[in-house]
Amino acid sequence: KAGVTQTPRYLIKTRGQQVTLSCSPISGHRSVSWYQQTPGQGLQFLFEYFSETQRNKGNFPGRFSGRQFSNSRSEMNVSTLELGDSALYLCASAPSDTGELFFGEGSRLTVL
Amino acid sequence: GENVEQHPSTLSVQEGDSAVIKCTYSDSASNYFPWYKQELGKGPQLIIDIRSNVGEKKDQRIAVTLNKTAKHFSLHITETQPEDSAVYFCAASIESGAGSYQLTFGKGTKLSVIP
């Protein structure tokens, strides 16, 4: 079974730009969550989607948004990028409602 | 909201020795406690988890214990091997209805197993 796939793996943007990251969950998984990982703050929850609906949201500004499509694939968008948005963005999918998360390898965003 | 403290931040052990990582959580409503292992350049991988109705769980060389009264849980790795070297994260979560979990992670422990 293929794992969680995230694209792109690496990207560089400049301040003020916007970025879209993509996540394909494990086949059959309907829940997709996004986390931001930085050396200073560690792993922080961004949001979770289930059946195209945002089910949970973390404490991030409105510049961070996401969506989920009918095939469970998900995208997250960050607008008006700031230097502090440089991070590894991790997507995780989950089967049913067990809480077990399966993470992708992440998209590493560098903001210059 | 939930707060998870994890100690130590770094841990070095000799191959074959045991390693113990400890976490405390703040919200007594938390009921799911997973542990993740993250190797360089990879995403975190679930290695073991425990739910609040269980005090201990074991899977080969890995075990997790939970003390709900004290609000702390620990990861025990026995007979450590060089391939156990990685960053380990604990997490706590409340099921917030309809099967939704929001994990709060500890800051991680970098484990080095010295051959």
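The values are calculated or read from the model by the stated rules, or taken from the named source; none is laboratory data. Quantities reported herein were computed from a predicted structural model and do not represent experimental measurements. Using ideal geometry, Cβ is built from the backbone for each residue, glycine included, and neighbour counts are taken over all protein chains shown.
If I ask for residues that are more than 27 Å from A:F47 (Cα to Cα) and of a type in the set (G, A, S), which ones from the stretch B:75-115 would you list?
Once the filter is applied, which keeps residues that are more than 27 Å from A:F47 (Cα to Cα) and of a type in the set (G, A, S), the stretch B:75-115 yields B:S85, B:S112.
Check B:E79, B:E83 and return the single one that is more than 11 Å from chain A (Cβ to nearest Cβ), exposed (fewer than 15 other Cβ atoms within 10 Å of the Cβ), outside any loop (DSSP other than H, G, I, E, B) and at pLDDT 95 or above.
Exactly one of B:E79, B:E83 is more than 11 Å from chain A (Cβ to nearest Cβ), exposed (fewer than 15 other Cβ atoms within 10 Å of the Cβ), outside any loop (DSSP other than H, G, I, E, B) and at pLDDT 95 or above, namely B:E83.
When you scan the stretch A:57-65, do you find a residue that is under 25 Å from B:A92 (Cβ atoms), without any contact (Cβ under 8 Å) to a residue 12 or more places away in the chain and either of a type in the set (K, R) or more than 14 Å from chain B (Cβ to nearest Cβ) (or both), even just one?
Yes, the stretch A:57-65 contains a residue that is under 25 Å from B:A92 (Cβ atoms), without any contact (Cβ under 8 Å) to a residue 12 or more places away in the chain and either of a type in the set (K, R) or more than 14 Å from chain B (Cβ to nearest Cβ) (or both).
Inspect the stretch A:27-45 for any residue being more than 18 Å from B:P44 (Cα to Cα), more than 11 Å from every other protein chain (Cβ to nearest Cβ) and surrounded by fewer than 18 Cβ atoms within 10 Å (Cβ to Cβ) and give the result as yes or no.
Scanning the stretch A:27-45, I find at least one residue that is more than 18 Å from B:P44 (Cα to Cα), more than 11 Å from every other protein chain (Cβ to nearest Cβ) and surrounded by fewer than 18 Cβ atoms within 10 Å (Cβ to Cβ), so the answer is yes.
Here is a yes/no grid of residues against (1) buried (at least 16 other Cβ atoms within 10 Å of the Cβ); (2) within 10 Å of another protein chain (Cβ to nearest Cβ):
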{"position": "A:F50", "(1), (2)": "yes, yes"}
{"position": "A:R55", "(1), (2)": "yes, yes"}
{"position": "A:S70", "(1), (2)": "no, no"}
{"position": "A:Y89", "(1), (2)": "yes, no"}
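May I ask you to say which residue of B:E5, B:E56 is within 13 Å of chain A (Cβ to nearest Cβ), within 14 Å of the chain's Cα centre (by Cα) and surrounded by fewer than 17 Cβ atoms within 10 Å (Cβ to Cβ)?
Numbers: B:E56 fails: within 13 Å of chain A (Cβ to nearest Cβ).
Result of the check over B:E5, B:E56: B:E5.
Residues that are among the small types (G, A, S): which strands (runs of 3 or more DSSP E) entirely in the stretch A:23-104 hold 2 or more of them?
It comes to A:31-38, A:64-68, A:87-94.
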